[in-house]
1. Filter region 50-85 down to residues that are hydroxyl-bearing (Ser, Thr, Tyr) and crowded, with 16+ Cβ neighbours inside 10 Å, then give me how many there are.
2. Which numbered condition trips up Asp42, out of (1) in contact (Cβ under 8 Å) with a residue 24 or more places away in the chain; (2) over 30 Å from Leu83 (Cβ atoms)?
3. So if I check each of Thr16, Thr61, which one is among the β-branched types (Val, Ile, Thr) and over 11 Å from Val75 (Cβ atoms)?
4. Any idea which of Ile51, Ile31 is within 9 Å of the chain's Cα centre (by Cα), at pLDDT 85 or above, hydrophobic (A, V, I, L, M, F, W, C) and within 18 Å of Val62 (Cα to Cα)?
5. I need every pair where a residue in region 1-20 that is free of Cβ contacts under 8 Å to residues at least 24 places away in the same chain has its Cβ under 9 Å from the Cβ of a residue that is of a type outside the set (Phe, Trp, Tyr), sequence separation at least 6 or different chains.
6. Do you know which of the residues in region 21-49 that are surrounded by 12 or more Cβ atoms within 10 Å (Cβ to Cβ) and either in contact with a His (Cβ under 6 Å, 6 or more places away or on another chain) or acidic (Asp, Glu) (or both) is farthest from Gly74 (Cα to Cα)?
Amino acid sequence: MLHHIFGIHVINRPQTVPLIQACLTKYGCNIRTRIGIHDAADDSCSPSGLILVDAFGDDATVESFYQELTQLEGVEVKRMDFLREE
């Protein structure tokens, strides 16, 4: 089994989130886990954030998902791939 972990650094959340959400929705059936992290306080919300995604599926689909994320403006994506032996 493979684990494909994408770290998605969102630089301008208010502007970029709709584009990211559309991509995540498109590949929603290929997401095992999704965690959103951003700095928040009582009086403000950070303009940047981090989304961690554990993606799965056939190689072509996972690669398409990754490539679409990397093409989004205002987004930096890092990737880790792990083979989990059972």
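1. At the first step, the residues of region 50-85 found to be hydroxyl-bearing (Ser, Thr, Tyr) are 61, 64, 66, 70.
When the remaining residues are screened for being crowded, with 16+ Cβ neighbours inside 10 Å, the result is 66.
Total meeting the criteria: 1.
2. (1)
3. On the way: Thr16 fails: over 11 Å from Val75 (Cβ atoms).
From the options Thr16, Thr61, the qualifying one is Thr61.
4. Numbers: Ile31 fails: within 9 Å of the chain's Cα centre (by Cα).
Sole residue among the options that is within 9 Å of the chain's Cα centre (by Cα), at pLDDT 85 or above, hydrophobic (A, V, I, L, M, F, W, C) and within 18 Å of Val62 (Cα to Cα): Ile51.
5. Once the first residue is free of Cβ contacts under 8 Å to residues at least 24 places away in the same chain and sits in region 1-20, its partners that are of a type outside the set (Phe, Trp, Tyr) give Val17/Val10; Val17/Gly49.
6. Only one residue tops the list, namely Ser46.
The values are calculated or read from the model by the stated rules, or taken from the named source; none is laboratory data. Please read these numbers as outputs of a predicted model, since none were measured by experiment. All Cβ positions, glycine included, derive from the backbone under ideal geometry; neighbour counts span all protein chains shown.
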